[in-house]
1. Hey, among Glu137, Glu201, Glu170, which residue is acidic (Asp, Glu), at pLDDT 90 or above and under 17 Å from Ala106 (Cβ atoms)?
2. Determine which member of the set Lys281, Lys272 is assigned to a helix (DSSP H, G or I), at pLDDT 85 or above and over 23 Å from Glu87 (Cα atoms).
3. Looking for whichever is aliphatic (A, V, I, L, M), closer than 19 Å to Tyr14 by Cα and in contact with a strand residue (DSSP E or B) (Cβ under 9 Å, 6 or more places away or on another chain) here; the options are Leu56, Leu93. Which one fits?
4. Report whether or not Pro31 is outside any helix (DSSP H, G or I) and either acidic (Asp, Glu) or farther than 27 Å from Ala283 by Cβ (or both).
5. Within region 34-41, identify whether any single residue is crowded, with 16+ Cβ neighbours inside 10 Å, modelled with pLDDT under 95 and closer than 26 Å to Thr196 by Cα, and answer yes or no.
6. Looking at Asp204, Asp164, which is the one that is in a loop (DSSP other than H, G, I, E, B) and within 22 Å of the chain's Cα centre (by Cα)?
7. From Ser70, Ser81, which residue is surrounded by fewer than 16 Cβ atoms within 10 Å (Cβ to Cβ), hydroxyl-bearing (Ser, Thr, Tyr) and touching an Asp or Glu at 6+ places or on another chain (Cβ under 9 Å)?
8. For region 42-151, give me every one of the helices (runs of 4 or more DSSP H) that falls completely inside it and has 1 or more residues that are charged (D, E, K, R).
Amino acid sequence: MLASSTPGFVARRYFQRLEEALAARFPKVLPPGYETGATLDDFYLAIHKLTRDYKLPGLGFDFGCRIRISDYGVVGLATASARNLSEAIEVQLRFLNIISNTSKLAYQFSQTEKWITLKLCELDRRRRLDPFITESELGAQIRFVKDLLPSANMSHCILSLPHDCPTTREDYRRKGGCQVKFNQSTAQFQLPASWTNSVLESTDEMLAPMLADRCQMILAQLNQGDDWVQKVRSYLLTSDSPMKSLNETAVALGISTSNLRWHLAKNKANYKRILLDVRMKLACQYLKETPLTLQQISYQLGYTYSSNFQLAFKK
């Protein structure tokens, strides 16, 4: 039976890997618990809260380097069944929606005679890349290559990060096995172009197209109705504030305000309703997981008067 690869399956694996990373590096920090039915939105929301409440240097990279191809379910099987590394990267990037937070991030793939480069970009160019997300994404790419090419010499690869080293350079070199550069202008992972046509030990030319078709079906389900409602929810839940205006959200998602409004209307939704739903979801989480009072929660969610929040919450 083929592995599942719904975002719920991937989210469960991500929660497990995060628990492992916390136990190894910060055993006194209680990991966010996985709840049945949790999605990638819930995972990234838990990460946002965790990194807001604690200083956890290097956790993102440690977490990313723990993610295995098998954690991606059928997407992982599809990549591992590709003929060579180049095809495997193409498959992974094609189905990135299923395994990552693509409402905020995007990869740019390029190749020269010397390098294959995976560059990580923030869709909202006014925002800086979040260190945890940056390191976890690129750490996962390093592990991805290690799993596909177990005999490859990773010291020939280069990881570039746009921030200061949060622990030690040796810590990062030991975990990634590659060269690491900090305070760079871009966040990217580079590997030798000579690896492009490296045949994978796990290649399966008969199974590969079947797996790709299944991934395509999952992606189609996720994108049903353009999935703009989910994109907006995902962005609001993981942004620095749940009080983003329609215009701010449209800019972050790379679409005009009028087009975003049209897409939402097409799905019988409106921005105010989505914004309210997100605020109430956050309110429930704050009430369940924090000692904050209703007045403090209402302030956190952008309500000027706690009475307005209570009225909205009762609805």
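The values are calculated or read from the model by the stated rules, or taken from the named source; none is laboratory data. As the structure is a prediction and not an experimental result, all values here were calculated from the model. No Cβ is skipped: glycine too gets one built from the backbone with ideal geometry, and neighbour counts run over all protein chains shown.
1. Glu137
2. None of the others qualify; the one that does is Lys272.
3. Leu93
4. Answer is no for this residue.
5. no
6. The unique qualifying residue is Asp164.
7. Sole residue among the options that is surrounded by fewer than 16 Cβ atoms within 10 Å (Cβ to Cβ), hydroxyl-bearing (Ser, Thr, Tyr) and touching an Asp or Glu at 6+ places or on another chain (Cβ under 9 Å): Ser70.
8. Here the list reads 59-66, 85-94, 131-148.
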